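Structure first, commentary second.
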Amino acid sequence: MTMRLQNKKKKQKNKILILGGAGLIGSEISKLLIQRNFEVQIIDNLDPLCFGSYNRIKKLKKKKFYKKDILKINIKKHLIWSDIIINCIGWTRHRLARNNSSFNKKTNYKTVDIILKNLQTLQTKKIFVHLGTFSQFNNSRVRKIKDKTSFNSVDAIGVMKSKAERLIIRKTKKYKLNTVCIRLGNCFNSELPLKKYDPGLLATLLNDLITKKETTVYGKNRKRNFAYIPDIAKFVELLIKKNIKGYVPINFVGRMIVIEKLLQKIIKRIKFGKVKFEKIPMRIKKFDSLYTNVESKNFYKYGKKNQTPIDKCLSHILNKLLIKPN
């Protein structure tokens with residue numbers, strides 16, 4: 001091996017710390033990066049409120065798993081070890097958040113705060129990748145959500161997530177950190193938490209079809225940005241190979257899909273179910289993005305990957321959930 005190749009190998013960033021790495025999104029990222037031979041450490045407190053489960057990662061090799069709450073351990077030693085920190089910790093259960101403000105604040109804001117406080121004391125430059133959101137924000141008057149669109153949420157979850165994002169921007173500028181905020185929409189895969197309370201949009205719609213044989217859609221032609229979680233993991237893999245400097249906001253574009261058209265695809269496959277429409281309740285309308293489109297120059301610049309066709313995604317999900325066509 002030549003000296004040049006040796007130096008290149010030494011400079012390669014390959015130690016990845018994944019926080020919340022046993023959750024719905026974090027486990028997919030963990031699996032892929034371990035498969036790609038990155039050296040990975042996973043920290044997750046396996047809180048059922050965040051759908052954390054060790055079963056998703058217990059078969060993974062070449063990984064170190066710590067069942068810990070990052071607010072209760074010495075997180076700094078893990079940050080020192082890592083080259084890249086990926087924060088998948090988050091809570092998106094809207095109804096529960098209204099009655100559990102302390103857990104909402106802890107999960108969606110305080111965890112980010114403790115990471116940044118430790119990062120700003122380190123001499124070496126790490127890359128901090130934070131999985132954020134644009135779906136819980138008050139964008140009802142915005143026609144396009146761009147990378148640098150600022151948000152003012154009226155939703156409990158959105159308030160804490162937007163506060164965390166503003167903190168990342170402020171700390172990045174002040175301490176010259178290298179950070180990425182990947183804003184996600186409605187995320188889904190075959191691990192959707194059906195039969196759970198407040199499980200998210202697609203899981204709720206599917207659960208209604210299975211149990212009630214019908215589901216309710218508020219308002220016609222409302223769009224949602226759906227992101228298939230394995231595609232998110234592939235995007236993160238490409239992203240961490242890039243030269244990240246300063247603050248980089250990225251809207252994960254996903255697929256803008258009209259909700260009833262997605263349901264029509266599902267009903268066509270499972271051969272049962274129907275959709276009924278109702279007027280949008282004020283509790284949803286006041287912070288709903290309605291027909292807003294999502295754009296992102298950075299999505300294409302930093303690692304855009306061809307996304308899995310929606311029919312293939314649905315096939316995988318419905319087969320895994322044992323909802324098969326007759």
Response to the item:
Given the conditions (1) at pLDDT 90 or above; (2) surrounded by 15 or more Cβ atoms within 10 Å (Cβ to Cβ), every one holds for ILE210 apart from (1)
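Being under 19 Å from ASP113 (Cβ atoms) and touching a strand residue (DSSP E or B) at 6+ places or on another chain (Cβ under 8 Å) narrows it down to one of LYS148, LYS173, LYS213, so name that one. First the steps, then the outcome.
On the way: LYS148 fails: under 19 Å from ASP113 (Cβ atoms); LYS213 fails: under 19 Å from ASP113 (Cβ atoms).
When all the criteria are applied, what remains is LYS173.
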Item to complete: Give SER150, SER190 a once-over and let me know the one that is under 19 Å from the mean Cα position of the chain (by Cα), surrounded by fewer than 23 Cβ atoms within 10 Å (Cβ to Cβ) and farther than 29 Å from ARG56 by Cα.
Response: SER150
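Is it the case, given these coordinates, that LYS234 is surrounded by 18 or more Cβ atoms within 10 Å (Cβ to Cβ) and among the basic types (Lys, Arg)?
Values: surrounded by 18 or more Cβ atoms within 10 Å (Cβ to Cβ): yes; among the basic types (Lys, Arg): yes.
For LYS234, the condition - surrounded by 18 or more Cβ atoms within 10 Å (Cβ to Cβ) and among the basic types (Lys, Arg) - is met.
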Worksheet item: Counting only residues that are closer than 20 Å to LEU79 by Cβ and either of a type outside the set (S, T, N, Q) or part of a loop (DSSP other than H, G, I, E, B) (or both), how many does the stretch 32-44 have?
Response: 8
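Being in a strand (DSSP E or B), of a type outside the set (Gly, Ala, Ser) and modelled with pLDDT of 95 or more is the requirement here; does ILE29 meet it?
no
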Item to complete: Please work out if TRP91 is over 18 Å from the mean Cα position of the chain (by Cα) and of a type in the set (Phe, Trp, Tyr).
Response: no
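Out of everything in the stretch 1-26 that is of a type in the set (S, T, N, Q) and closer than 15 Å to ILE240 by Cα, what residue ends up being modelled with the lowest pLDDT? Spell out how you get there, then give the answer.
Our first condition is that a residue be of a type in the set (S, T, N, Q); within the stretch 1-26, this holds for 2, 6-7, 12, 14.
Right, trim to closer than 15 Å to ILE240 by Cα and you get 12, 14.
Values: GLN12: 55, ASN14: 86.
The residue in question is GLN12.
With respect to ILE317, determine if the residue is in contact with a Phe, Trp or Tyr (Cβ under 9 Å, 6 or more places away or on another chain) and modelled with pLDDT of 90 or more. Quick ask: steps written out before the conclusion?
Details: in contact with a Phe, Trp or Tyr (Cβ under 9 Å, 6 or more places away or on another chain): yes; modelled with pLDDT of 90 or more: yes.
In short, yes.
Got a sec? Which helices (runs of 4 or more DSSP H) wholly within the stretch 86-177 have at least 3 residues that are modelled with pLDDT under 95? Even if it seems obvious, please write down each step before you answer.
Details: elements: 94-98, 101-105, 111-119, 156-175.
Where helices (runs of 4 or more DSSP H) fall fully within the stretch 86-177 and carry at least 3 residues being modelled with pLDDT under 95, they are 94-98, 156-175.
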Worksheet item: So which residues in the stretch 45-85 are assigned to a helix (DSSP H, G or I) and over 30 Å from GLN123 (Cα atoms), if there are any at all?
Response: PRO48, LEU49, CYS50, TYR54, ASN55, ARG56
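Restrict the check to the stretch 285-293 and report whether at least one residue is surrounded by 14 or more Cβ atoms within 10 Å (Cβ to Cβ), in contact with a Leu (Cβ under 8 Å, 6 or more places away or on another chain) and modelled with pLDDT under 80. Spell out how you get there, then give the answer.
Taking the stretch 285-293 first, the residues surrounded by 14 or more Cβ atoms within 10 Å (Cβ to Cβ) are 287-290, 292-293.
In the following step, the residues that additionally are in contact with a Leu (Cβ under 8 Å, 6 or more places away or on another chain) were identified as none.
No, there is no match, as no residue in the stretch 285-293 is surrounded by 14 or more Cβ atoms within 10 Å (Cβ to Cβ), in contact with a Leu (Cβ under 8 Å, 6 or more places away or on another chain) and modelled with pLDDT under 80.
May I ask you to say which residue of PHE252, PHE272, PHE299, PHE235 is touching a residue at least 40 places away in the same chain (Cβ under 8 Å), farther than 30 Å from SER82 by Cβ and among the aromatic types (Phe, Trp, Tyr)? Lay out the reasoning, then the answer.
Working: PHE252 fails: farther than 30 Å from SER82 by Cβ; PHE299 fails: farther than 30 Å from SER82 by Cβ; PHE235 fails: farther than 30 Å from SER82 by Cβ.
Result of the check over PHE252, PHE272, PHE299, PHE235: PHE272.
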Practice prompt. Please determine, by comparing only the residues of the stretch 50-73 that are aliphatic (A, V, I, L, M) and modelled with pLDDT of 95 or more, which one is nearest to LEU192 (Cα to Cα).
Written response: ILE70
Fill in: Where ARG222 falls short, out of the listed (1) in contact with an Asp or Glu (Cβ under 9 Å, 6 or more places away or on another chain); (2) under 23 Å from LEU119 (Cβ atoms)
(2)
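Please determine whether any residue of the stretch 270-285 is touching a His at 6+ places or on another chain (Cβ under 8 Å), closer than 29 Å to ASN319 by Cβ and not polar (S, T, N, Q).
Our first condition is that a residue be touching a His at 6+ places or on another chain (Cβ under 8 Å); within the stretch 270-285, this holds for none.
No; the residues of the stretch 270-285 include none that is touching a His at 6+ places or on another chain (Cβ under 8 Å), closer than 29 Å to ASN319 by Cβ and not polar (S, T, N, Q).
Out of the residues in the stretch 18-52 that are of a type in the set (A, V, I, L, M, F, W, C) and without any contact (Cβ under 8 Å) to a residue 40 or more places away in the chain, which is nearest to LEU96 (Cα to Cα)? Explain how you work it out, then say what you get.
At the first step, the residues of the stretch 18-52 found to be of a type in the set (A, V, I, L, M, F, W, C) are 18-19, 22, 24-25, 29, 32-34, 38, 40, 42-43, 46, 49-51.
Now narrow it down to the ones that are without any contact (Cβ under 8 Å) to a residue 40 or more places away in the chain: 34, 38, 40, 42-43, 46.
Numbers: ILE34: 33, PHE38: 36, VAL40: 32, ILE42: 26, ILE43: 24, LEU46: 18 Å.
Only one residue tops the list, namely LEU46.
The values are calculated or read from the model by the stated rules, or taken from the named source; none is laboratory data. This is a predicted model, so every value here is computed, not measured. Heads up, the Cβs are rebuilt from the backbone with ideal geometry, glycines too, and the neighbour counts pull from every protein chain shown.
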